[in-house]
Protein chains: 2
Amino acid sequence: MTYCVGLSLDKGLVLMSDTRTNSGVDNISVFRKMFHWSVPGDRVITLMTAGNLATTQAVISQLEERSKALEDRQNSLLELPSMYRVAVEVGRLLRSTVRETQNENGNSGKGRFTASIILAGQIKGMEPRLFMIYPEGNFIEASSDTPFFQIGETKYGRPIILRAYDPKMSFEEAVKLLMVSFDSTLKANLSVGLPMDLMVIERDRFEPKYERRIEYGDPYFETISSGWGDALKDAFQALPSFTFEE
Amino acid sequence: MTYCVGLSLDKGLVLMSDTRTNSGVDNISVFRKMFHWSVPGDRVITLMTAGNLATTQAVISQLEERSKALEDRQNSLLELPSMYRVAVEVGRLLRSTVRETQNENGNSGKGRFTASIILAGQIKGMEPRLFMIYPEGNFIEASSDTPFFQIGETKYGRPIILRAYDPKMSFEEAVKLLMVSFDSTLKANLSVGLPMDLMVIERDRFEPKYERRIEYGDPYFETISSGWGDALKDAFQALPSFTFEE
């Protein structure tokens, strides 16, 4: 599995993804699931992927090829005029990759080669936008009602986001929130694992404000991980105990 | 779906289940998923069920019939000599009910009529015991390494149990822990809903120490639900913020 989260804030976008892939529990690897393209001053676009690794790598490779071939940049992420058009194009690529693999394998089963993608970014003159793209190629966009998307193992880390997210929060607070959400997931599910990739996209900056890999033993993540356990216990202690009316 | 949790403590067993059943989102109902049988001074046995409702009701009805027919109490929960034998018998009933339904419906598909059961209780002269019974009729028992079982929508409410559970905790603290775990689940998943059923089985008491339905608007649950939101936010605030090294 995988765990990726994209948060839309007033100040911009904050993204985090894990790097564990597994085919069974005895075949685990580390693969990057966060990819970005930017044209300083014009656009920054980030994708995070979950699902079948061959499918997501095929999609990323095709996007990459297009952005490199200077003479044939048709439908390149670097030239499409809006984030909406980028979402349409990524969706189209994802759908056709999923379909081809399934057709070629005579597989009518559900879900085997599917993948989902979180798309985040901003193009000059327009707002930062956050999309979730389904294996069928269609997509939804985050709004003030639902200002974040998760893909992969979404359940363990969801309650804390529901409680602590605030669109006005600083980037620093948002990174802390994602660290807590990932820590809860890592503690409960073997299919999500360190290292993690972090990216912060500041409004109107058009290149990543901050990008980092969080490795095993990262001091801040360790502080959060142990601190959150203690903080949770304290919070729990502070609540009034149940009383049995006899 | 469903959410049921059974905790094994030094002092005894604490059980909680929701009551929502749904077939699609437009067909929801309230059904009890916690059932108990007791012979004061001799035994107390509780089952919590998740999965196909027709299957679990069929199992419960058969157990109920056996415990009522005074002349034919063969394999009745009220007479079996140990919790292990109770687990074997409940597993046998569950497997045969699942199989019959699937065979009669020519259904070779996976999971459609399956169900899982948490079994908890104590019989005089033996320890309190906690089991999880699978649709195939086999089962596992809780131990000091894994002292609780969840069935149904287990993921949202798992992190807080992993962090705050302590085998030495009081019944009052354990009920609080389950309330928090259920609150996180209720907030995130429509297929789990109030009211909830609570049961406390004290070691060597052989009848429920405490049994209650927690209804909508229950003052303690509301205190926990709003208090936990605030406590989580405070705990989150208390953690150090991330800092960007520029």
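The values are calculated or read from the model by the stated rules, or taken from the named source; none is laboratory data. Values in this document were obtained by computation on a predicted structure and should not be read as measured data. Neighbour counts are summed over all protein chains in view; Cβ atoms, including those assigned to glycine, are modelled from backbone coordinates with ideal geometry. These accessible areas exclude ligands, DNA and RNA; they are computed on the full protein's heavy atoms, side chains included. Shrake-Rupley method; radii C 1.70, N 1.55, O 1.52, S 1.80 Å.
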Worksheet item: What average number of partner chain Cβ atoms lie no more than 10 Å from the Cβ of the residues making up A:151-160?
Response: 5
Item to complete: For residue A:145 paired with residue B:241, estimate the spin-label separation in nm (one decimal), with each label point 7 Å from Cα along the Cα-to-Cβ line.
Response: 3.1
Worksheet entry | Isotropically averaged projected area of the protein assembly as shown, using the convex hull of Cα atoms (one quarter of hull area), nm² | 25.9
Discussion item. Only four residue types carry charge here, +1 at the Cβ of Lys and Arg and -1 at the Cβ of Asp and Glu. Report the dipole size of chain B about the Cα centre in Debye, rounded to the nearest 20.
Written reply: 520
Practice prompt. State to the nearest 20 debye the size of the charge dipole of the protein assembly as shown about its Cα centre, where the only charges are +1 on K and R beta carbons and -1 on D and E beta carbons.
Written response: 860
Worksheet item: Of the cross-linked pairs A:11/A:124; A:209/A:233; A:155/A:233; A:168/B:155; B:209/B:233, which ones have a Cα-Cα span greater than 24 Å in the structure shown?
Response: A:209/A:233; A:168/B:155; B:209/B:233
Item to complete: Search the structure for amide H atoms under 5 Å from the amide H of residue A:193, placed 1.01 Å from N in the peptide plane, and list their residues when 5 or more places away or on another chain.
Response: A:19, A:20
Worksheet item: Just in the stretch A:177-226: which GluC sites (Glu not before Pro) are loop by DSSP and have at most 15 other Cβ atoms within 10 Å?
Response: A:215
Practice prompt. Would you mind giving the total buried accessible surface between chains B and A, with a 1.4 Å probe and ligands, DNA and RNA left out, rounded to the nearest 100 Å²?
Written response: 4400
Discussion item. Cut-off 10 angstrom, C-alpha nodes, Gaussian network model of chain B. Which of B:124, B:233, B:68 fluctuates the most?
Written reply: B:233
Worksheet item: Is there a simple number for the mean count of other chain Cβ atoms within 10 Å of the Cβ of residues in A:216-229, and what is it?
Response: 2
Worksheet entry | Shortest-first distances to equivalent copies, position residue A:213, nm, label 7 Å out along Cβ | 5.7
Fill in: Hits among lysines - C-alpha to C-alpha of residue A:68 under 17 Å, sequence gap 8 or more where chains match
none
Discussion item. Could you check the spin-label model distance between residue A:213 and residue A:92? Points 7 Å from the Cα along Cα→Cβ, value in nm.
Written reply: 3.4
Item to complete: Starting from the Kirkwood radius over alpha-carbon pairs of the stretch B:3-238, derive D by Stokes-Einstein at 20 °C in a medium of 1.002 mPa s and give it in µm² s⁻¹.
Response: 116
Item to complete: For a label point 7 Å from the Cα of residue B:205 along Cα→C-beta, name the residues of the stretch B:155-192 whose backbone N is under 20 Å from it.
Response: B:166-180
Worksheet item: residue B:85 to residue B:105: extension gain in nm, 0.36 nm per residue of separation minus the Cα-Cα distance?
Response: 4.2 nm
